[in-house]
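The values are calculated or read from the model by the stated rules, or taken from the named source; none is laboratory data. What you see is a predicted model; the values in this text were computed from it and never measured. Cβ sites come from the backbone with ideal geometry, for glycine too, and all protein chains shown count toward neighbours. Please note that ligands, DNA and RNA were not included when accessible areas were found on the heavy atoms of the full protein model with its side chains. Shrake-Rupley method; radii C 1.70, N 1.55, O 1.52, S 1.80 Å.
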Amino acid sequence: MDAADKVEAVLRYHESTKHQFHRYARSTDTLDWVNQPNAFRRYEGAPLTQLPILVADEDPLSPRYDDIYRRGSVPSAPLTIRSLSRLLEYALALSAWKRAGGTQWALRSNPSSGNLHPTEGYLVIGALPELSHAPGVYHYAPGEHGLERRADGSAEWFTQLMRGFPPRAFLVGLSSIHWREAWKYGERAFRYCQHDAGHVIGTLRIAAATLGWSAVVLHGQADETIEALLGLNRAEDFASAEREQPELIMLVWPNDSAGPWCAGAQRVLPLGLDPLLARELMTQDWRGTANRLSRDDPIAWTAIDEVARASRRAIGERDGLDLFDTPAPAHRNAAFPDGPPAGRIIRQRRSLLACDSRISVTAERFHAMLARVMPRVELEVNRRPMPWDAMAWEPRIHLALFVHRVDGLEPGLYVLVRDPTKLDKLKRAMHQHFDWSEPPGCPADLPLRRLESGDARQLATQVSCFQDIAGDGVFSLGMIAEYRDALFTHGPWFYRQLFWETGVIGQVLYLEAEAAGIGATGIGCFFDDPVHRVFGFSDLEFQSVYHFTIGGPVEDSRLTTLAPYGAREEEELKRRADHG
Ligand SMILES: Cc1cc2nc3c(=O)[nH]c(=O)nc-3n(C[C@H](O)[C@H](O)[C@H](O)COP(=O)(O)O)c2cc1C
């Protein structure tokens with residue numbers, strides 16, 4: 001396939017997986033419950049190191065939630081097994097078990113479409129006391145909150161691999177098991193896997209921020225290199241197991257360095273790894289074989305295989321910004337001493353299942369939430385704010401909002417232009433009768449515009465697959481991608497990045513809702529073209545790719561909540577009590 005064929009294949013996939021009023025995207029007619037994939041991958045035979053279970057008030061202590069958004073206000077924690085444990089807890093760990101009747105299921109720090117969790121996490125890290133005296137490649141096992149050591153790397157190899165990066169930097173890799181989502185959602189599942197990966201970019205970047213660390217997606221990375229580095233290309237280790245597709249590698253590093261990497265210094269980060277060094281690992285001994293997730297072989301959804309092939313990134317396909325700087329020195333004084341700890345907000349994040357249609361938020365809170373998804377470069381430091389500094393590419397997603405109950409704001413349709421240089425482009429593409437007025441009280445630097453006043457509750461519910469949460473919430477929204485231009489400018493692989501960007505927006509909004517005392521839910525099920533018609537998009541220039549709602553939660557009293565790592569947490573509390 002040449003580049004044009006690949007873009008064609010991506011466009012075809014996107015069209016054929018649209019939900020229409022008269023036809024949902026292709027999936028099986030009924031759910032084959034016996035064949036439901038296991039949500040926990042394990043590598044049998046790979047040694048497991050359990051990470052310490054940390055209690056909320058234990059070191060490393062969580063900063064205040066608002067402080068993670070203030071550049072330089074969280075001092076960098078040293079890299080230890082405990083801080084690594086925190087990072088993975090806030091990014092990928094179990095957050096609770098839920099029980100209803102005779103069934104029990106786990107929730108995680110990262111949300112996932114249908115709670116099916118297609119995203120697997122890996123770590124490539126140097127020697128670390130209590131983990132290993134030599135660098136290695138690990139798979140993260142959320143059920144155990146542990147790391148399975150898949151392969152060893154020599155100290156020289158790791159030094160070479162990380163050349164050009166800050167000291168003590170390490171890598172977190174993500175892959176997707178498409179089958180986990182496709183089992184339930186059929187052909188549309190590839191989209192959901194990409195959203196989920198985006199949510200994890202968000203959880204990882206935010207988890208790093210609670211430790212005063214930085215993180216960035218190394219998006220100059222060929223998929224083949226990711227496979228070699230994480231061992232995903234080792235057919236022999238997946239003999240009877242469902243395969244994983246490479247998604248991305250993130251670089252994570254503490255901001256405690258001296259010299260050229262000291263806080264506030266400007267450096268150019270290479271946003272990719274040397275493919276030859278990654279391939280060197282292939283000659284190492286690897287440990288463990290992947291477990292089988294479903295009884296029967298996966299249903300072959302050829303549309304997913306085709307789009308996965310077409311949107312693979314080859315070696316040499318890269319673009320984006322290479323310039324990156326380290327955050328300014330930490331002030332070590334929290335600006336919001338009374339706000340909730342970030343860790344509490346992260347741990348308590350849940351999707352709302354129903355909305356209390358009486359709850360509203362103030363316009364001030366609404367504007368503050370929207371300000372957090374603005375990726376604008378902060379001029380004085382020439383850098384995007386957290387978490388947008390994790391994605392060194394131009395933002396391509398805008399928000400089309402259905403506002404229902406924001407005190408002081410007329411209900412109706414609004415738009416948030418996340419890249420203000422695109423305002424005119426959006427104006428031309430949307431209905432000509434929209435008024436584009438600046439809402440009263442809107443901060444001057446927030447590019448929010450009112451399109452049309454009116455009650456949009458029913459409309460929001462209808463276009464979100466008739467889900468009441470979209471109409472009963474405070475507001476809901478469609479995430480509008482600069483679709484055609486992004487694919488033709490960057491390449492077919494950028495299709496996945498569009499979805500990743502929406503996942504990060506969703507993650508920020510999930511936490512913002514928790515911090516505001518309300519709730520949120522990602523909405524993957526919506527009627528694509530009917531949404532376009534609501535806003536006037538008539539061609540492929542813009543496409544809505546993810547929906548989201550924010551509202552007052554309604555508790556389901558039939559559900560019991562249990563601790564994520566119950567017995568181990570009790571042991572830890574007992575140990576602390578015994579030691580005074
Ligand atoms: C990409 C994505 C799409 C989702 N789509 C829907 C949806 O259409 N309707 C819904 O009720 N929940 C949706 N959810 C919420 C998930 O069902 C929820 O994240 C999952 O059950 C785990 O629960 P938790 O978020 O409370 O941890 C979606 C979540 C994600 C990340």
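Output wanted: per-residue J couplings in Hz (rounded whole) for segment 429-438, from phi through Karplus 6.51 cos²θ - 1.76 cosθ + 1.60, θ = phi - 60°, x for Gly and Pro.
With coefficients 6.51, -1.76 and 1.60, one gets 7, 9, 3, 5, 7, 4, 8, 6, 7, 7 Hz.
Roughly how many nanometres apart are two label points built 7 Å out from the Cα toward the Cβ at Thr28 and Thr49?
So the two model labels end up 3.9 nm from each other.
With runs of 4+ DSSP H residues as the only contributors, calculate the mean residue ellipticity of the chain at 222 nm using -39,500 (n - 2.57) per run, divided by the residue total and rounded to the nearest 500. Numbers along the way, then the final one.
Values: 17 runs with 173 residues, N = 580.
Using -39500 (n - 2.57) per qualifying helix, the result is -9000 deg cm²/dmol.
Scan around Ser544 for amide H atoms under 5 Å from its own, H built in the peptide plane at 1.01 Å from N, and keep only partners 5 or more places away or cross-chain.
Amide H neighbours of Ser544: Ala481.
Which whole-angstrom value gives the distance between the alpha carbon centres of segment 198-247 and segment 337-375?
Cα centres, segment 198-247 to segment 337-375: 28 Å.
Note the count of lysine pairs whose C-alpha atoms are less than 25 angstrom apart in the chain, limited to pairs 8 or more residues apart or on different chains.
So the count works out to 6.
Cβ neighbours within 10 Å, averaged per peptide: list 77-90, 52-65 in order, most packed at the top.
Packing proxy ranking, top to bottom: 77-90, 52-65.
Could you tell me how far the Cα centroid of segment 64-80 sits from the Cα centroid of segment 545-561, in Å?
Segment 545-561 and segment 64-80 have Cα centres spaced 29 Å from each other.
Before I look further, what does segment 516-580 give for accessible area per residue, probe 1.4 Å, in whole square angstrom?
Accessible surface, normalised per residue, equals 47 Å².
Count the net charge of all other residues whose Cβ sits under 14 Å from the Cβ of Glu187, scoring Lys and Arg as +1 and Asp and Glu as -1. Write down the numbers at each step before the final one.
On the way: positive: Arg12, Lys18, Arg23, Arg26, Lys184, Arg188, Arg191; negative: Glu15, Asp29, Glu181, Asp305, Glu306, Asp528.
The answer is +1.
Cα gyration tensor of segment 62-181, axes a ≥ b ≥ c as square roots of the eigenvalues: rounded (a/c below 1.5), prolate (a/b > b/c) or oblate?
It is oblate, given that a/c is not under 1.5 and a/b is not larger than b/c.
If you keep only loop residues by DSSP, which chymotrypsin sites (Phe, Trp or Tyr not before Pro) in segment 430-484 have at most 14 other Cβ atoms within 10 Å of their Cβ?
Answer by residue number: Trp436, Phe466.
With a 1.4 Å probe and all protein chains left in place, how much accessible area per residue does segment 34-83 have, in Å²?
In whole numbers, segment 34-83 has 43 Å² accessible per residue.
When ranked by the protection proxy of mean other Cβ atoms within 10 Å per residue, highest first, what sequence do the peptides 421-431, 389-399 form?
389-399, 421-431
In whole percent, how big is the carbon plus sulfur part of the accessible area of the chain, probe 1.4 Å, protein atoms only?
Carbon with sulfur: 52 percent of the solvent-accessible area.
Using mean Cβ contacts within 10 Å as the protection proxy, how do 109-119, 205-215, 303-313 order, highest first?
The peptides rank, most packed first, as 205-215, 109-119, 303-313.
First check a/c for the chain, with a ≥ b ≥ c the square roots of the eigenvalues of its C-alpha gyration tensor; if it is under 1.5, answer rounded, and if not, answer prolate when a/b is larger than b/c or oblate otherwise.
Numbers: a/c = 1.33, a/b = 1.24, b/c = 1.08.
Verdict is rounded for the chain.
Taking θ = phi - 60°, what integer Hz values does the Karplus form 6.51 cos²θ - 1.76 cosθ + 1.60 yield along segment 190-204, in sequence order, with x for Gly and Pro?
Once θ is set to phi - 60°, the couplings for segment 190-204 become 4, 4, 5, 4, 5, 4, 4, 4, x, 4, 6, 4, x, 5, 5 Hz.
Please list 3J(HN,Hα) in residue order for segment 244-253, calculated via the Karplus relation 6.51 cos²θ - 1.76 cosθ + 1.60 where θ = phi - 60°; whole Hz, with x for glycine and proline.
Rounded to whole hertz, the list is 10, 9, x, 10, 6, 10, 10, 8, 10, 8.
Shape verdict for segment 342-429, please, from the Cα gyration tensor: rounded (a/c under 1.5), prolate (a/b greater than b/c) or oblate.
Oblate.
When the Cα centres of segment 7-23 and segment 127-149 are compared, how far apart do they sit, in Å?
40
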